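Readers should treat all values here as calculations from the given coordinates under stated rules, not as data from a laboratory. Keep in mind that this is a model prediction, so the values were computed, not measured. Here Cβ is always computed from backbone atoms with ideal geometry, including for glycine, and neighbour counts include all displayed protein chains.
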């Protein structure tokens, strides 16, 4: 015989607001806005990444011994790792 399980009802949420509810709500909305902006920027970042990668491939640069394409241009070091097409862009001190 199969055992029967009792279904328990979920209790209603307590409707109590903290004293600083307006501050919490304000910060929560600011957080959500920042999150939305970040996701928008992420889409732009991916597009720029693909554009940089296409231009580097178009240049037909020779990779180093470790397979990485790395070059320095106007104070910026750009490297492309072929295994996952990882792109790094690093600003460096022009005196280096």
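Structure notes:
- Distance histogram in 5 Å bins (all Cα pairs of segment 21-91, percent per bin): 4, 13, 18, 18, 12, 8, 8, 7, 6, 4, 2, 1
- Estimated FRET transfer efficiency (residue 79, residue 9; beta-carbon r; R0 41 Å; 0.05): 0.10
- Counted residue by residue at 0.36 nm each, then reduced by the alpha carbon distance between them, the extension gain from residue 43 to residue 27 reaches 3.3 nm.
- Protection proxy ranking of 15-23, 52-60, 76-84 - average other beta-carbon atoms within 10 Å, highest first: 76-84, 52-60, 15-23
- Spacing of the two label points (7 Å from each Cα toward its C-beta) at residue 57 and residue 35, in nm: 3.5
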